[in-house]
Amino acid sequence: MPRRGDTRSRVWIPITSIAVALLTALSGCSALNGSSNNPSGGGSGTAGPIEKPKLKVGLLPVVDVAPLYQAVEKGYFKEQGLDVEPIVVASGPKAVESVISGEIDIAFTSYPGAFVAQSKGVANLKIVADAYAARPGHLALVATPNSTIKKPEDVAAKKIAVTSKGSISDLGVMSVLSAQNIPVDKIQWIPMTFPDMGPAMKAGNIDGAVVAEPWFTRTAKEFGAMSIVDVSSGPTADISMSGWAAMDKVTSANPNSFAAFQRGLAKGVADVKRDRTVLEPILITHVKIDQQTAPLVTIADYPERADAIRLQRVADLMLEFKVISERLDVSKMLLEPSTN
């Protein structure tokens, strides 16, 4: 099977449903830079003493988080005077609950969940850093050979599995299909975990599924699944997917700590973008992708800077399909990077 990725990587954190999203806040997004300036106390590159030298970060074992593991393993956070502890959590909602309760300091989250929470006033969040942006081939609506779905027009009124409703998975598919004048109002969205989707398609319990890497590669290898709709195309091309987030009150109380986190993470981003041979061992060790599949996984993009315009597209898409009731200005959620 040919290699489909280059220097970017896609894995996926199942995107939370609207209901779950009310707890699944914390979407991280902020400009990352690698500037440095020796402070009086704290690590190199900080603008002042580190207020909170240890940061607990809740995350999922997905490719989105590879730069953080790289920064931890290479000591980039230590250089900034930080001890960053990755804590694998059971789900995005659990990460958000833990941030709200103060159990952890930063949470990895998909953007729809965070934006719903912000829109509903469940939590006041800051996007600390961007994590992952869409590229062709990493998130797609697929179908197995036994399905009646052969082309995008066939998707109307079918049973399609998604990790959750109100996520990039279903919103992205509806956006792409609507742009082709294909009706989407009667699609039956079936919440399901990624591991269950391949067997469910094979058994005929669903007609198709929206899968993200590495499940796109896995369902192709194991069940002969074929791409019907690339979610990163047309109106959703290059859309933002996930990020790192924290409570506003925590970032405000510890500005130097979060600026140091941004700088350390930026170095990890630079490493994985530059060299896929750096990325693949992380995918194998921390994301638990097997050694044979890792080279085949399509890699999306690890943004070097958070872009308010690109993030706004997610919130606007949510408004279009009535996931939120009012326009959300996500630029106000961005934690600006330190200029020192």
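The values are calculated or read from the model by the stated rules, or taken from the named source; none is laboratory data. None of the values given here were measured: they were computed from a predicted structure. A quick note on method: Cβ atoms are made from the backbone with ideal geometry, for glycine too, and the neighbour counts reach across all protein chains shown. Heavy atoms of the whole protein, side chains included, go into the accessibility calculation; ligands, DNA and RNA do not. Shrake-Rupley method; radii C 1.70, N 1.55, O 1.52, S 1.80 Å.
How many times 2.2 N^0.38 Å is the alpha carbon radius of gyration of the stretch 241-340? Intermediate results must be reported in sequence, preceding the final value.
Details: Rg = 16.9 Å, N = 100, 2.2 N^0.38 = 12.7 Å.
Against the compact-globule rule of thumb, the ratio is 1.33.
Put a dot 7 Å past each Cα toward the Cβ at residue 320 and residue 222; how far apart are the dots in nm?
3.3 nm
When mean projected area of the Cα convex hull in nm² is calculated directly from the model, which label among (i) 21.7; (ii) 15.1; (iii) 19.0 fits?
Label of the calculated value: (ii).
Can you return the aspartates and glutamates within cross-link range of residue 202? Criterion is Cα-Cα under 17 Å, with same-chain partners fewer than 8 residues away left out.
Leaving aside aspartates and glutamates fewer than 8 places away in the same chain, those within reach of residue 202 are 222.
Just list whichever of 56/267; 56/273; 94/126; 52/332; 158/288 have alpha carbons separated by over 26 Å in the model shown.
Details: 56/267 19 Å; 56/273 24 Å; 94/126 18 Å; 52/332 24 Å; 158/288 32 Å.
Among 56/267; 56/273; 94/126; 52/332; 158/288, the Cα-Cα distance tops 26 Å for 158/288.
For the stretch 99-148, how big is the tail of P(r) above 19 Å, as a whole percent of Cα pairs? Let's see the in-between values first.
Details: 581 of 1225 pairs.
For the stretch 99-148, the share of Cα pairs beyond 19 Å comes to 47 percent.
Work out, step by step, the length gained on full extension between residue 238 and residue 124: first 0.36 nm times the residue separation, then minus their alpha carbon distance; give nm to one decimal. Don't skip to the end; give the middle numbers.
On the way: separation 114, 0.36 × 114 = 41.04 nm, distance 2.64 nm.
Difference between extended and current length: 38.4 nm.
Reachable aspartates and glutamates from residue 54, Cα under 18 Å, same-chain residues fewer than 8 places away excluded?
Straight-line reach from residue 54, under 18 Å: 73, 79, 83, 85, 103, 105, 248.
What distance in nm separates the simple spin-label points at residue 249 and residue 179, each placed 7 Å from Cα in the Cβ direction?
That separation, rounded to one decimal, is 4.1 nm.
Would you mind giving the three semi-axes, in whole Å and largest first, of the ellipsoid equivalent to the stretch 46-85 according to its Cα gyration tensor? Mind dumping the intermediate values first?
On the way: eigenvalues 86, 25, 11 Å².
Taking √(5λ) for each Cα gyration eigenvalue gives 21, 11, 7 Å.
With the full set of protein chains in place, find how many percent of the accessible area of the chain is carbon and sulfur; take the probe as 1.4 Å. Could you put the intermediate results ahead of the total?
On the way: 6570 of 12700 Å².
Here carbon and sulfur together make up 52 percent of the probe-accessible area.
Using alpha carbons only, how many degrees (0 to 90, rounded to 10) separate the axis of helix 255-274 from the longest principal axis of the chain?
Tilt of helix 255-274: around 50 degrees.
Using every pair of alpha-carbon atoms in the stretch 71-220, split the distances into 5 Å bins beginning at 0 and state the percent of pairs per bin, rounded to integers.
Spelled out bin by bin, the stretch 71-220 gives 2, 8, 15, 17, 16, 14, 11, 8, 5, 3, 1, 0 percent.
By average Cβ neighbour count within 10 Å, what is the ranking of 314-321, 92-99 from highest down? Mind dumping the intermediate values first?
On the way: 314-321: 19.1, 92-99: 24.8.
Listed from highest to lowest mean packing, they are 92-99, 314-321.
Calculate, in whole percent, how much of the Cα-Cα pair population of the stretch 166-272 lies beyond 25 Å. Please list the in-between numbers first.
Working: 2427 of 5671 pairs.
Counting every Cα pair in the stretch 166-272, those more than 25 Å apart make up 43 percent.
Tell me which residues come under 5 Å, amide H to amide H, from residue 190 once H is placed; ignore anything under 5 positions away on its chain.
160, 161, 162
For the stretch 83-223, what is the accessible area per residue in Å², given a 1.4 Å probe and the full set of protein chains? All intermediate terms of the calculation are to be shown ahead of the outcome.
Values: 4900 Å² over 141 residues.
Per residue, the stretch 83-223 has 35 Å² of solvent-accessible surface.
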